[in-house]
Amino acid sequence: MTRVRLDANFRTVKVVVGQAVRLGASLSRQMGAGEVVTIGVGDVQTISQSLTVVGPGVGAVVAYLVIAVMLVSISPAIAVVVLLGIPVIVLLVGPLLGRLQGSETEYRERQGVLTARIGDLAGGLRVLGGLGGKGLVADAFRRDSQRCASRATAWAR
C-alpha cells in the first residue's frame, strides 16, 4: 500500500507540475501562489491516500459478503440484523461526510491564504524590516494562523 501511495503521489505531482508549466504566466492570474502550493501539498496527499484506501475498501466489501453468507447459514436472525445494520450506518454517516468536506474546503482556502502570506514574508522581509512593516505582517499572519487553527480544532470536536 505504501508503494501504491507513493506512486500515486509522484504521478499526481507530475501532472500538477505539468499543468502549471502549460499554464505558465496565466496561472498567477487564475489563482494565488498559496493556492497552488496548497494543491501541490494537500490535494496530492489526499489523492494518494484515497488510492491507498481503495484496496482495503474492496477487501472490506468482499469480507462483508463472505460474512453475510456465513451468518445466513448459522443464524438468519443475526444475519438480518448485521446485513441491514451496516447499510443503515452508512446512510446515517453519509450526510455528515458532506458537511466535513465543505469544512475541509474552507480550511484549504484558509491554508492557501496563509501559504501566500508566508511567500510574501519570505520575499519581502528585508524591505518590510527597513520600512517598519514587519510587525504588521507578522501580526496579520499570526491572526490568520490562529483563526485557521481554531477552525481546525472546532472541526475535530
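The values are calculated or read from the model by the stated rules, or taken from the named source; none is laboratory data. These numbers were taken from a predicted model, which means no experiment stands behind them. As a convention, Cβ positions derive from the backbone with ideal geometry for all residues, glycine included, and neighbour counts pool all protein chains shown.
One residue is enough: does region 49-67 have a residue meeting the conditions under 30 Å from Phe141 (Cα atoms), assigned to a helix (DSSP H, G or I) and touching a Lys or Arg at 6+ places or on another chain (Cβ under 9 Å)? Steps first, answer last, please.
Our first condition is that a residue be under 30 Å from Phe141 (Cα atoms); within region 49-67, this holds for 49.
Going one step further and asking which of them are assigned to a helix (DSSP H, G or I), we end up with 49.
Okay, now just the ones that are also touching a Lys or Arg at 6+ places or on another chain (Cβ under 9 Å), so 49.
For region 49-67, residues under 30 Å from Phe141 (Cα atoms), assigned to a helix (DSSP H, G or I) and touching a Lys or Arg at 6+ places or on another chain (Cβ under 9 Å): present.
For Tyr64, are the conditions met, namely being over 20 Å from Asp144 (Cβ atoms), surrounded by 10 or more Cβ atoms within 10 Å (Cβ to Cβ), modelled with pLDDT of 75 or more and among the aromatic types (Phe, Trp, Tyr)?
Details: over 20 Å from Asp144 (Cβ atoms): yes; surrounded by 10 or more Cβ atoms within 10 Å (Cβ to Cβ): yes; modelled with pLDDT of 75 or more: yes; among the aromatic types (Phe, Trp, Tyr): yes.
In short, yes.
Would it be correct to say that Asp139 is over 18 Å from Glu35 (Cβ atoms) and modelled with pLDDT of 75 or more?
So Asp139 fits the description; yes.
How do the pairs read when you match residues in region 66-83 that are of a type outside the set (Val, Ile, Thr) with residues anywhere that are surrounded by fewer than 12 Cβ atoms within 10 Å (Cβ to Cβ) and in a helix (DSSP H, G or I), using Cβ under 7 Å and keeping only pairs 6 or more apart or on different chains?
Leu71/Ile78
Rundown of residues vs (1) part of a helix (DSSP H, G or I); (2) touching a helix residue (DSSP H, G or I) at 6+ places or on another chain (Cβ under 7 Å); (3) modelled with pLDDT of 75 or more, yes/no style:
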{"site": "Val82", "(1), (2), (3)": "yes, yes, yes"}
{"site": "Gly85", "(1), (2), (3)": "yes, no, yes"}
{"site": "Val88", "(1), (2), (3)": "yes, no, yes"}
{"site": "Leu91", "(1), (2), (3)": "yes, no, yes"}
{"site": "Gly98", "(1), (2), (3)": "yes, no, yes"}
{"site": "Gly102", "(1), (2), (3)": "yes, no, yes"}
{"site": "Thr105", "(1), (2), (3)": "yes, no, yes"}
{"site": "Ile118", "(1), (2), (3)": "yes, no, no"}
